[in-house]
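The structure appears right after this line, and notes come after that.
The values are calculated or read from the model by the stated rules, or taken from the named source; none is laboratory data. None of these values were measured; they are calculated from a predicted model. Neighbour counts are summed over all protein chains in view; Cβ atoms, including those assigned to glycine, are modelled from backbone coordinates with ideal geometry. SASA here: full protein model, heavy atoms, side chains in, ligands and nucleic acids out. Shrake-Rupley method; radii C 1.70, N 1.55, O 1.52, S 1.80 Å.
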Amino acid sequence: MVSNLSVLDSTGSIGTQTLDVARALGIKVSAIAANKNIKILEEQAREFSPGIVAVADEAAAKELKVALADTKCKVSGGRSAVLQAAACSEADTVMSSLVGMSGIEPTLCAIEAGKDIALANKETLVCAGEIVMRRAKEKNVRVIPVDSEHSAIFQSLHASVAPQRELTRIILTASGGPFFGKKRDELENVTVEQALRHPNWSMGAKVTIDSASLMNKGLEFMEAMWLFDLSPSQIDIVVHRESIIHSMVEFRDGAIIAQLGTPDMRTPISFALTYPERKNFGGEYIDFTKLSSLSFALPDTETFRCLALALSAARQGGTAGALLNGANEAAVDLFLNSKIKFLEIADYIERATSAVGVSDNPTLADVISASESARDAVYSMI
């Protein structure tokens, strides 16, 4: 179990829920970091008294430093401050929940410092999976997934004494988002507000749009490949509307082990922080007598083309994941700001990634460059 924690992006959805779990389980928090939401950061700093409070926005950091002058918290600003929080000497585990490409460097910094990683940042593995997982192995650092689906797989794999030999496939479940069952003509004029109405989960705006487009499941597909050392042919995706089964693992004897639970991100967060133990953080339990059914369906990759693009990138390898991620971040930003339509997200991603092109055997600099080039390509289309 984690005894001392650093939380990167403590003001975001995962970060605030991580602190909920830390509060419930009495886990010490030695460092917190965020971009510029200093109102919430100040509240968190006063409650948890971390030694390090990092603010990526330097102007906001100066303001927070004044606000926390009466505390023992050391406030610092800029990218270097976030890296300092990632390598916090007191912390044994880092919750990596920064959004987007900004999570890669701090995660690698934490690995270099020998910290175990509770990973909630998809982009770290989507864009730089080979680099990150290789370095974690070299440093003998554990990478424990926080995404509900990957946590479910991680837990289910414990049913085998030799999972790499006995596993035949994993089955990623997808909620289907708010537009499940709809066809392209029905999605032509959907609004941002409609796309943000996820039926089961409470998440940040970007990941909620990714869920609506099914891009999120494509990113999770790639993340699973690196986390569990799998080929694309070993991963299937099924739509499971109830979000009760979080994912499944099939073994060579035909047995399938599934992890079930309520759609509450605090459950996989708690497991990542208490592994190999389990602690009661105060979450809800399933009442099976109130479940009318558990349904399953194939994802519609013709309507939700973002998923098809992600699966193609997963098979390509190299910088394909970084290109896809960068283009998607920019396209989602344009949609959230009503610059493009929902269905155009996939169109912009496809055009941008084709324009830039994939490179094999990339370095970290290549990955970052590919993502930035794809982002720029998307914005240049407006």
| message | If I ask for residues that are buried (at least 24 other Cβ atoms within 10 Å of the Cβ) and of a type in the set (A, V, I, L, M, F, W, C), which ones from segment 133-153 would you list? | response | V146, A152, I153
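Report those strands (runs of 3 or more DSSP E) wholly inside segment 40-140 carrying at least 1 residues which are within 24 Å of F154 (Cα to Cα). Working first, answer last.
Working: elements: 52-55, 74-77, 93-96, 116-119.
Qualifying strands (runs of 3 or more DSSP E): 93-96, 116-119.
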| task | Residue by residue through segment 62-84, note down the ones that are surrounded by 14 or more Cβ atoms within 10 Å (Cβ to Cβ), among the small types (G, A, S) and free of Cβ contacts under 8 Å to residues at least 24 places away in the same chain. | result | G77, G78
| query | Across segment 191-212, which residue is modelled with the lowest pLDDT among those that are of a type in the set (G, A, S) and open to solvent by 10 Å² or more (accessible area, probe 1.4 Å)? | reply | S202
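So if I check each of E220, E277, which one is buried (at least 20 other Cβ atoms within 10 Å of the Cβ) and charged (D, E, K, R)?
Working: E277 fails: buried (at least 20 other Cβ atoms within 10 Å of the Cβ).
Going through E220, E277 in turn, the sole match is E220.
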| task | Pull up segment 85-101, narrow it to residues that are over 18 Å from R135 (Cα atoms), open to solvent by 40 Å² or more (accessible area, probe 1.4 Å) and touching a residue at least 40 places away in the same chain (Cβ under 8 Å), then point me to the one that is farthest from the chain's Cα centre (by Cα). | result | E90
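Could you please find all residues in segment 335-356 being assigned to a helix (DSSP H, G or I) and either crowded, with 19+ Cβ neighbours inside 10 Å or in contact with a strand residue (DSSP E or B) (Cβ under 6 Å, 6 or more places away or on another chain) (or both)? Let's see the steps before the verdict.
Here is the first cut: in segment 335-356, the ones assigned to a helix (DSSP H, G or I) are 335-336, 344-356.
F335, I345, A346, Y348, I349, A352, T353, V356, listed by residue number.
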| task | Being assigned to a loop (DSSP other than H, G, I, E, B), within 19 Å of the chain's Cα centre (by Cα) and either under 14 Å from L336 (Cβ atoms) or of a type in the set (S, T, Y) (or both) is the filter here, so list the residues in segment 169-196 that pass it. | result | S175, L196
| remark: Exactly one of I286, I257 is surrounded by fewer than 22 Cβ atoms within 10 Å (Cβ to Cβ), hydrophobic (A, V, I, L, M, F, W, C) and not in a loop (DSSP other than H, G, I, E, B), and that one is I257
| request: Tell me, yes or no, whether segment 196-207 has at least one residue that is touching a Gly at 6+ places or on another chain (Cβ under 7 Å), touching a residue at least 12 places away in the same chain (Cβ under 8 Å) and of a type in the set (A, V, I, L, M, F, W, C). | output: no
| request: Just need a number here: residues in segment 1-25 that are part of a helix (DSSP H, G or I), touching a Leu at 6+ places or on another chain (Cβ under 9 Å) and open to solvent by 10 Å² or more (accessible area, probe 1.4 Å). | output: 1
